[in-house]
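Readers should treat all values here as calculations from the given coordinates under stated rules, not as data from a laboratory. What you see is a predicted model; the values in this text were computed from it and never measured. Note that we place each Cβ from the backbone using ideal geometry, even for glycine, and neighbour counts take in every protein chain shown.
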Amino acid sequence: MAKNAAATKRNNRKIHARKFLATPEGKAWLERKKAEEAELKMVTEVRKFI
């Protein structure tokens, strides 16, 4: 029973995430997140050279 509840929670998180990313504010959030990740990736690359 507990295993089933955990699966249900996981599925609900995925559904809500998909609904959120379909909204305009979700798309804006995703763009910001991608920009932050790209920035962090550049910082780690620079640190490798130094």
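The figures follow:
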| item | result |
| --- | --- |
| D_trans [Stokes-Einstein, Kirkwood Rh over alpha-carbon pairs] for the chain, 37 °C, 0.692 mPa s, µm² s⁻¹ | 244 |
| Assigned charges on the beta-carbon of Lys, Arg, Asp, Glu; the chain dipole about Cα centre (debye) | 400 |
| Principal-axis tilt of helix 2-22 within the chain, Cα atoms, nearest 10 degrees | 60 |
| Signed unit charges on C-beta, dipole axis of the chain, positive-most listed residue Trp29, Ala5, Met42 | Ala5 |
